[in-house]
Amino acid sequence: MTLRPARILLYAILGLFCLYYLLPLYVMLVNSVKPLQEITSGGMMELPQVWTLAPWHNAWSQAQVGVEATGLKPYFLNSLLMVVPAVTIATVLGALNGYVLTKWRFRGDTILFGLMLFGCFIPFQIVLIPMARSLGFLNLSGTVGGLIFVHVVYGISFSTLYFRNYYSAFPTELVRAAEIDGAGFFTIFWRILVPNSGPIAVVCVIWLFTNIWNDFLFGASFSDFSSQPMTVALNNLVQSSTGEKEYNVHFAGAIMAALPTLFVYIVAGRFFVRGLMSGSVKG
Amino acid sequence: MAAHPAPSARARLRVLLPRLVLSPSLALVAFFVYGFIAFTTYLSFSDSKMLPSYGWVGFQNYETLFSLRMWDIAVTNLAIFGILYIVICSFLGLMLAILLDQHIRAEGFIRTVYLYPMALSFIVTGVAWKWFLDPGIGLEAVMHDWGWTSFEFRWIKDRDMAIYTIVIAAVWQTSGFVMATFLAGLRGIDSEMLKAARVDGAGTFAVYRRIVIPQLRPAFLSAFVVLAHMAIKSYDLVVALTNGGPGNATAVPSTFMYSYTFTRNQMGIGAASAEIMLLTIAAVIIPYLWSELKEDKR
Amino acid sequence: MTQAFLNIDKVTKAYGAVQVLNETNIAVQKGEFLVLVGPSGCGKSTLLNMIAGLENITSGEVSIDGRVVNDVPPADRNIAMVFQSYALYPNMTVRGNISFSMEMHKVPKPEREAKIAQVAELLQITHLLDRKPGQLSGGQRQRVAMGRALTRDPAVFLFDEPLSNLDAKLRVDMRTEIKKLHQKLGTTIVYVTHDQVEALTLSTRIAVMFGGDVQQLGTPEEVYNNPANMFVAGFMGSPAMNLFPAELIELNGAVGVKVVTAGGFITLPFPHGAHLTDQIGREIVLGVRPESMTDPESADHDSHCLEHVDLPVELVETTGADSFVTILLGGKECIGRFRGKSTATAGQLTHVTFDMTRAVAFDPKTEQRLA
């Protein structure tokens, strides 16, 4: 093949970029399992001379995050407690909305959808002040419940977008046939739409899970020490100016914060990519 | 004639139920998106300091805002960051997509590697790059350790250069996504047309330049919209990587808003800055949504 | 006035300012097989959907078995519908698909099982009951869709282009099956299609629709032999009825027509036009079916008005059983249906026999039937 040298160059470039994308992950991984002085003495890129899990242990249950030396464990749990209900509620609502907006259309529904969709794109700074007030009003300030509420409110736009795009490709004749067969609004949804929604439900759940788990702004704005999510705790750990910087602990903590979403990405990458692509409105 | 009964309860329900189901979500969006936008808009014209206050001060907050040096820095930074971020991501994404589209072995694996940063929190990305770029332990220290003692790379500590470290980390995180967008666009192009072009005598380069890339317009558009709105909203990465520093050197509108509203007790000015952010995003998003949805209307 | 079983009374449909169905009246008797036929956009599917309750009725009334159903939801109209795409629920087995409607109507399980078995037997799909729709061929899906509709014992059966997704051969087979099914069950059927052959073969009555209006409502014979206007004449039958300009003349003391040909003109008697003696000299559009314009051997010798003429042939297309011979009449290319072994040759004269008892005339301006 005459293209041989060109192919080699091609693979070389692609390989180089693999290294580029993997580099930070490598740095985090190797430095999370080596003693601190190996890092501070300029050995960041090297494999550990002494392997140790102490930084992980430290980050998980001992490190000073905020006022108490609790490690990241309670915050990891906070994130889980926040993510699971928020994702569930937003997905269910999104599925119902998508169903109405595609199978029970009415005059003006596209405009309503457009108005909902705009909620995906607003800079959340615009809602921080009134939301802080409202959560106080609802007695949800500084609680995991408050964060769940906020994430549901601003997650609906996304889940509605996903389900609307998916259901608009779902044959409306099926819904009409079911109607003639005597099925009502919810029966049709439950018996006809839901059993055929597997892929988009996965896409939507992954997207919401990733977004809500990774959120920082709402967590930083609306939580207190008892309800902080993982991202906020990690940032506090890394930014804290007291004492010596324990880089290895920081890296271990960062990997912990990344693990759930990374796990989802590895297991269901295909759906993750589809979720990203659905950023275009028509899907 | 046949009797004409009034619509049954069931018939009425058939019309009403869908709207009933939609209405809680609509109410939430109406209140928590549009109501809150209205509230913040009002605050931006008020004399709010630490707490919301409702004294009308007209455009005073905006005047103050535009005279602030920190806002000036924030806007300049956003411009630098936004432009570089969008341009580099698009270029890199397109290039990688085209390279990956050459029937590459292990394409799936490579794609996975390019895209995984998108699954990470910006805080995680920030931590990784913060220490990697830190001259004390990161790249510079490593180079010194390896014997290149004159090597210097301390952008993250440099007032003039720190903003570019944010570009580096953000591009690392998102370029894989842009690659995936373009790759999907490439895969959507009719392969018979490409065959026709080859029969017409076009070489690989000409095929891409004349036929493929012009057809990627929708992919460019959606990549642009996503990147632009991510750039304007980016907050976490700046906080984690530089926390706006050194000094205020990497302040952007989002960090500006946060610090004026919640730490400097200048809520009116904070609200005004949020307003500017919203308008900037709206200028990009509304035309996009409009063009995407208008064929759908009925 | 006796109330029809399915009565469509002054029904219209408009989307905003766009009227897609003008005031329409159709009375369907019990057991009738009504076909709504027309080109796409003629309003036939809209009308069907309004009967089903899937679209709102803008004005007018639809009643089924004496009950106005305008505001009755589809499920309560006692109808069943077969969709163009079959609309089988992909997540359910064939059995699940067929039983779904009965489930919704709270039919007890043993009764459901019995009905499924009976319907499956009738449509010969018993061996498919545990498959999913995705595993079925087009014809099998079609049967399942009909089976699903049959379980309802509906007052009215609605078919929306049910055969258009099948290939040509299967379409003919299924057409026969539907016809048999109707004869066996005697249910009232409203059937939408754009295929005029389906309309002619299946129906007991046809409504030919165009531009939101019923152009003609009648038995297949009426619609075929006595088209009400030029649209119906041109739409029904294949090849279509030849429509060409002619002039009414007096011929041997009766009404005749004069037609310009490639070489000059011919005159033919026009028995249908006997009452038009006061309109001698006016321009008309004459309609002659291809089979009424044939070689002398193929002509219908029971007809009392056969006219033999020699005309130049433009083109001959042979299909085996028939030869379609193109002849210029009144400046239009007209097609005659000749025997397969006809000797007509392009560029030469041939004997053409017109069956003038079958010729009809239209007003060139209003396009309505004159005679």
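The values are calculated or read from the model by the stated rules, or taken from the named source; none is laboratory data. Quick caveat, the model's predicted, so the values are computed rather than measured. Cβ coordinates were reconstructed from backbone atoms using ideal geometry, including for glycine residues, and neighbour counts include every protein chain displayed. What goes into the accessible areas is simple: the full protein's heavy atoms, side chains included, and nothing from ligands, DNA or RNA. Shrake-Rupley method; radii C 1.70, N 1.55, O 1.52, S 1.80 Å.
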Legend entry - Size of charge dipole - the range C:242-362 - debye, nearest 20, with Cβ of Lys, Arg +1 and Asp, Glu -1, no other charges: 120
Inset, instruction - Any chance you could run the full-extension gain for B:W148 through B:M193? It's 0.36 nm times the residue separation minus the Cα-Cα distance, nm to one decimal. - result: 11.0 nm
Inset, instruction - State the volume of the convex hull built on the alpha-carbon positions of the range B:55-132, expressed per residue in Å³ and rounded to an integer. - result: 173
Inset, instruction - Could you please state how large a percent of the accessible area of chain C is carbon and sulfur, counting protein chains only and using a 1.4 Å probe? - result: 50
Inset, instruction - Might you report the magnitude of the Cβ-based charge dipole of the protein assembly as shown about its Cα centre, with Lys and Arg at +1 and Asp and Glu at -1, to the nearest 20 debye? - result: 1880
Legend entry - Near-label residues of the range C:223-258 by backbone N, under 13 Å of a point 7 Å along Cα→Cβ of C:E314: C:242-245
Legend entry - Kirkwood-type radius of the range A:73-277, with distances r between different C-alpha atoms, in Å: 18.6
Legend entry - Residue-level accessible surface for A:F263, protein heavy atoms, 1.4 Å, Å²: 130
Inset, instruction - Please work out the Cα center distance from the range C:224-262 to the range C:145-173, rounded to the nearest Å. - result: 37
Legend entry - Förster radius 30 Å - calculated FRET efficiency between A:A268 and B:T204 (Cβ-Cβ, nearest 0.05): 0.30
Inset, instruction - Just need the Rg to Rh number for chain B, please, alpha carbons only, Kirkwood Rh. - result: 1.10
Inset, instruction - State whether the range A:1-113 is rounded, prolate or oblate according to the following rule on the C-alpha gyration tensor (a ≥ b ≥ c being the square roots of its eigenvalues): a/c under 1.5 gives rounded; otherwise a/b larger than b/c gives prolate, and the remaining case gives oblate. - result: oblate
Legend entry - Distance (nanometres) between label positions extended 7 Å along Cα→Cβ at B:R19 and A:I13: 5.7
Legend entry - Pairwise Cα inverse-distance average, inverted: Kirkwood Rh of the protein assembly as shown (Å): 33.9
Legend entry - Fraction of accessible area attributable to carbon and sulfur, chain B (%, probe 1.4 Å): 64
Legend entry - Computed log₁₀ I(q)/I(0) - Debye formula, equal Cα scatterers, no solvent, the range A:4-61, q 0.14, 0.23, 0.26 Å⁻¹: -0.52, -0.87, -0.99
Inset, instruction - Please work out the Kirkwood hydrodynamic radius for the range C:145-241, using every pair of different C-alpha atoms, and report it in angstroms with one decimal place. - result: 14.4
Legend entry - Extent along principal axes [Cα atoms of the range C:242-362; Å; largest to smallest]: 45, 30, 21
Inset, instruction - Counting residues in the range C:57-157 as N, plug N into 2.2 N^0.38 Å and put the Cα Rg over that result. - result: 1.16
Legend entry - Cut-off 13 Å between beta-carbons: net charge of the residues surrounding C:A4, Lys and Arg +1, Asp and Glu -1: -1
Inset, instruction - From zero up to wherever the largest Cα-Cα distance of the range B:198-264 sits, split into 10 Å bins and tell me the percent of pairs in each. - result: 18, 28, 17, 16, 13, 7, 1
Inset, instruction - Enter the mean number of other protein chain beta carbons within 10 Å of the beta carbon of each residue in A:152-159, as an integer. - result: 3
Legend entry - Pairs of alpha carbons in chain C whose separation is greater than 32 Å (percent): 45
Inset, instruction - Please compute how much accessible surface disappears when A pairs with B, both sides summed, using a 1.4 Å probe, and round it to the nearest 100 Å². - result: 8700
Inset, instruction - Could you list, in their original order, any pairs among C:K30/C:K109; C:K44/C:K169; C:K30/C:K184; A:K73/B:K157; C:K13/C:K106; C:K10/C:K30 whose Cα atoms are separated by more than 22 Å? - result: C:K30/C:K109; C:K44/C:K169; A:K73/B:K157; C:K13/C:K106
Inset, instruction - On a C-alpha basis, how far is the centre of the range A:1-66 from the centre of the range B:211-285 in Å? Whole number, if you could? - result: 30
Legend entry - Proximal charge balance of A:L193 [Cβ under 14 Å; K/R count +1, D/E count -1]: +2
Inset, instruction - Give me the compactness ratio for the range A:107-226, meaning the Cα radius of gyration over 2.2 N^0.38 Å. - result: 1.32
Legend entry - Test item: A:107-116 mean partner chain Cβ contacts at 10 Å: 5
Inset, instruction - Quickly estimate the mean residue ellipticity at 222 nm for the protein assembly as shown, helices only: each DSSP H run with n ≥ 4 gives -39500 (n - 2.57), and the total goes over all residues, rounded to 500. - result: -16000 deg cm²/dmol
Inset, instruction - Just the number, please: percent antiparallel of the DSSP beta bridges in the protein assembly as shown, rounded to the nearest 5. - result: 75
Inset, instruction - Taking the Cα centre of chain A as origin, work out the dipole magnitude from +1 charges on Lys and Arg Cβ and -1 charges on Asp and Glu Cβ, in debye rounded to 20. - result: 900
Inset, instruction - Report the residues of the range B:200-226 in range of a label on B:H103: point 7 Å along Cα→C-beta, backbone N strictly under 15 Å from it. - result: B:204
Inset, instruction - Please give the residues of the range B:13-27, grouped as numeric ranges, whose backbone N is less than 13 Å from a label point set 7 Å along the Cα-to-Cβ vector of C:D76. - result: B:13-15
Inset, instruction - Determine the sum of side-chain charges near B:L186: Lys and Arg each +1, Asp and Glu each -1, restricted to other residues whose C-beta is under 14 angstrom from that of B:L186. - result: +1
Legend entry - Whole-percent carbon and sulfur share, accessible surface of the range A:184-269, 1.4 Å: 66
Inset, instruction - Between A:F106 and B:W290, with labels modelled 7 Å along Cα→Cβ, what's the label distance in nm to one decimal, could you check? - result: 2.7
Inset, instruction - Rounded to whole Hz and in sequence order, give me ³J(HN,Hα) for the range B:84-95 from the Karplus expression 6.51 cos²θ - 1.76 cosθ + 1.60, θ = phi - 60°, writing x for Gly and Pro. - result: 4, 4, 5, 5, 5, 4, 5, 4, 4, x, 5, 4
Legend entry - Percent RCO, i.e. relative contact order, over chain A, from Cα pairs under 8 Å lying at least 6 residues apart: 28
Legend entry - GNM flexibility winner over chain C from C:G253, C:G237, C:G147 (Cα, springs under 10 Å): C:G253
Legend entry - Sites A:S168 and A:S41 - FRET efficiency at Förster radius 45 Å, r taken between beta-carbons, to 0.05: 0.15
Inset, instruction - Could you go through the range C:155-166 in sequence order and give the Karplus-derived ³J(HN,Hα) for each residue, using 6.51 cos²θ - 1.76 cosθ + 1.60 with θ = phi - 60°, rounded to whole Hz, and x for Gly and Pro? - result: 5, 9, 9, 10, 10, 10, 6, x, 9, 6, 9, 9
Inset, instruction - Could you calculate the FRET efficiency of B:R159 with B:I211 from 1/(1 + (r/R0)^6), where r is the beta carbon distance between them and R0 is 41 Å, rounded to 0.05? - result: 0.30
Legend entry - Residue-level accessible surface for A:W60, protein heavy atoms, 1.4 Å, Å²: 90
Legend entry - Simple label model, 7 Å out from Cα along Cβ direction - C:T201 to C:D300, nm: 2.1
Legend entry - Solvent-accessible area per residue for the protein assembly as shown (1.4 angstrom probe, square angstrom): 42
Inset, instruction - Determine how large the accessible area of B:M193 is when every protein chain is in place; take a 1.4 Å probe and give Å² rounded to the nearest 10. - result: 70
